[in-house]
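The values are calculated or read from the model by the stated rules, or taken from the named source; none is laboratory data. Everything numeric here is computed off the predicted structure, so don't read it as measured data. No Cβ is skipped: glycine too gets one built from the backbone with ideal geometry, and neighbour counts run over all protein chains shown. Ligands, DNA and RNA are excluded from the accessible area calculation, which covers all protein heavy atoms including side chains. Shrake-Rupley method; radii C 1.70, N 1.55, O 1.52, S 1.80 Å.
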Amino acid sequence: MTYTVEPEVGGGVGAGGDTGVDHLWERLGAVEARVREAVAVRRSVDPDPDDPYRGQYLTPEAAARILDEPGGLVPAQGLWQPPAGSVLDGLVRRFGLSSLDLDLLLVAMAPDLDARFERLYGYLNDDLTRRRPTVGLALELCGLGGASPARFRLAPGAPLIAHGLLEVTEPERPPLSRVLAVPDRVTAHLLGGTRPDARLTGVLGEAREDPTAEAADVHRAAAAAGTGVGLVHLRSRGGDAEGLATAALHAAGLGPLVLDAVALARRSADVPALARVIALEARLTGAGVVLGPLTALPGEPAERARTLSSLCAELRGIPLFTHGTTGWDPAWAADTPVVLNVEAPSPERQAARWRHALDRAAGDAVTGDVEALARAVAAHRLDSGQLRRAADAAVRTATIEGRQVGPDDLRTAVRAQNGAGLDRLARRVEPGVGWDDLVLPPTTHRRLRELALRARHREQVLGQWGMRPGGGRGRGVIALFAGESGTGKTMSAEVVAADLGMDLYVVDLSTVVDKYIGETEKNLERIFTEASAVNAVLLFDEADAIFGKRSEVKDAHDRHANIESAYLLQRMESFDGIAVLTTNLRANLDEAFTRRLDVVADFPVPDAGQRLALWDRCLGDRLPRGDDLDLAFCADRFELAGGSIRACAVTAAYLAAESGEPLTMRQTVTAIAQEYRKLGRLVLESEFGPYLAQAAGV
């Protein structure tokens, strides 16, 4: 066989071909013929070819004969190319192999396909324990001598070795005596196996294509992956970056190889070796690689850079899509990616995504009005995986109860997709109240409704319509609830969260404020970062403690306090989530915060009519009421906020439970008197009237 030693070619990625192996066995027959020829040559000069101990020793006469042997076999004539579309043809195209590379690979792989080659190679190696071909023997079987330039096709930088198709073992031996071995995954691929390399167990994720992705976006992403080194970074602005990457690879005729960034972070020490395995798997199967979100990789900058640089170096020339909510840091890799923004889907596209996910989860079952279901969770940002899992959970919940999927099923399923990162930084509250539970002035009620509609339509207004351009502004919604203690600020935040189908996370100031300089800002940054990735409403109760006014700088404490306030001003403006600040004293907040607020709701002390409604709702309809209970008197005489009325109602209920009788006016007045003393207020006849004696005896 005549070979031309071709220059090394980069391994391009193409579409997969026929997985039939008939041509492989046919070519293996040619390898066997050459082995037989080599064995015949050896036997023709062997004085005792039937010696049972041949291969276990070397006599002086045999050594002399080896020194006198002419080098190599006479090359056979003619070139062989694998059939177009065959698995070997795909190997040649994707790895940039020459004809000689292919024959060297088949010579090395022969013992893995036919056990007879083990014994034949042992005989030809003159060592029965060495049953794989050496570099020298492989070149000999290809009609080449050890001095031929072709030996460099087995050098570390050559395609066979660089891409991991062939391994040269026993590096301590002289070059021609080193043994060639083919990884099991390569052999399995040539035989039609599709199971990924076992070393990638736990590292590969499930490929999830966005079926509603815009054709123009898919085409642009696919075109970007086909340029240069194939590195593309998708910056998610509320859209499904992973789903778009998968769709772009399919459009380019490639399969997706999705890497689990969390699993890679756990195995960061093994990344250089894993990167070679990933690159081999991608080239074997004709796939592109999807990696993200990048925020899940190791947080230490040097460690994250090491991980990404190893992957980008090994995957050079293979389409690699990275994605995340942050931009690309040039320190992460030697190559610079094409950066594309992935915007949030329009309401119509989001409804189409839900329809596809629900139909897939429900099968033949009917899921109800998909548009109404999509509106129920319109404020949530979900990737394709979260959306699919939520749809599946909602369908299963409804199926158990024998009904169609409802908005509450979907809201519960969507909330379940939140990670636990924010739980470590704030207290999670699952909303249990609704709009009907609020007793507020109409103006305040309208402000709360406005907050909910802003959160629900922010992607359309701020994203698609671009109504907040420039300045590094995020797409968050920030509200301020101002009013005295007990006027319903926290409960209102819970109602808004319930309307949006979200959980409420109450920030505990004790976990935020730190006496050491700079630590408070770090704690807040962790909270904001986690909150941006969670579909929830973030509540800063008593916000004036950390959002206070900047003051004149008189000492170092003032300077650092002002730095803290300035940081908060900037961070709130770039926040992408939904946050509510509550304060008892609105005047204590820095005026610069006001400009950054989307909604300001004032919570006044309730009037007599509102207090009557509060008394009625706080007592509920399950607590038995006595005939003498006069709630109108309580509402008219006692100027209490909603929180205090609730406390009085609970205390009175305990007293009724102890008595075993329905709730009486005496027990109610006793509870009110206790609340007055707790608040430091005087028990006066002008307020308690005929019940003063009962109140005074408390």
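Structural remarks
- Count of the stretch 236-251 residues, restricted to those that are buried (at least 19 other Cβ atoms within 10 Å of the Cβ) and either within 17 Å of Ala287 (Cβ to Cβ) or basic (Lys, Arg) (or both), is 8.
- Selection count where residues are of a type in the set (Gly, Ala, Ser), out of contact with any Lys or Arg (no Cβ under 8 Å at 6 or more places or on another chain) and under 17 Å from Val495 (Cβ atoms), scope the stretch 583-619: 1
- Residue pairs meeting the criteria (Cβ under 8 Å; at least 6 apart or on separate chains; first within 17 Å of Ala225 (Cα to Cα) and hydrophobic (A, V, I, L, M, F, W, C), in the stretch 305-332; second in a helix (DSSP H, G or I) and open to solvent by 40 Å² or more (accessible area, probe 1.4 Å)): none
- Looking across Leu105, Leu128, Leu97, one residue alone is at negative phi and assigned to a helix (DSSP H, G or I). It is Leu105.
- For the stretch 399-406, the condition holds for at least one residue, the condition being that it is more than 30 Å from Ser310 (Cα to Cα) and of a type in the set (D, E, K, R).
- Looking at Ala357, Ala333, Ala372, just one residue is surrounded by fewer than 19 Cβ atoms within 10 Å (Cβ to Cβ) and aliphatic (A, V, I, L, M), and that residue is Ala372.
- Looking across Glu348, Glu371, one residue alone is among the charged types (D, E, K, R), in contact (Cβ under 8 Å) with a residue 12 or more places away in the chain and within 30 Å of Ala216 (Cα to Cα). It is Glu371.
Rundown of residues vs (1) among the charged types (D, E, K, R); (2) surrounded by 19 or more Cβ atoms within 10 Å (Cβ to Cβ); (3) modelled with pLDDT of 95 or more; (4) over 54 Å from the mean Cα position of the chain (by Cα), yes/no style:
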residue	(1), (2), (3), (4)
Asp630	yes, no, no, yes
Glu639	yes, no, no, no
Val650	no, no, yes, no
Val683	no, no, no, yes
Gly689	no, no, no, yes
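- Scanning the stretch 472-499 for residues that are assigned to a helix (DSSP H, G or I) and either under 14 Å from Thr444 (Cα atoms) or modelled with pLDDT under 90 (or both) yields Lys489, Thr490, Met491, Ser492, Ala493, Val495, Val496.
- Top-ranked residue of the stretch 512-537 - restricted to ones that are open to solvent by less than 40 Å² (accessible area, probe 1.4 Å) and either touching a Ser or Thr at 6+ places or on another chain (Cβ under 8 Å) or within 19 Å of Arg586 (Cα to Cα) (or both), ranked as modelled with the lowest pLDDT: Val512
- Residues in the stretch 448-468 that are open to solvent by 60 Å² or more (accessible area, probe 1.4 Å) and without any contact (Cβ under 8 Å) to a residue 40 or more places away in the chain: Arg449, Leu453, Trp465, Met467, Arg468.
- Matching residues in the stretch 295-330 - criterion: being open to solvent by less than 10 Å² (accessible area, probe 1.4 Å) and either assigned to a loop (DSSP other than H, G, I, E, B) or over 19 Å from Ala273 (Cα atoms) (or both): Leu297, Leu315, Ile318, Phe321, Thr322, Gly324
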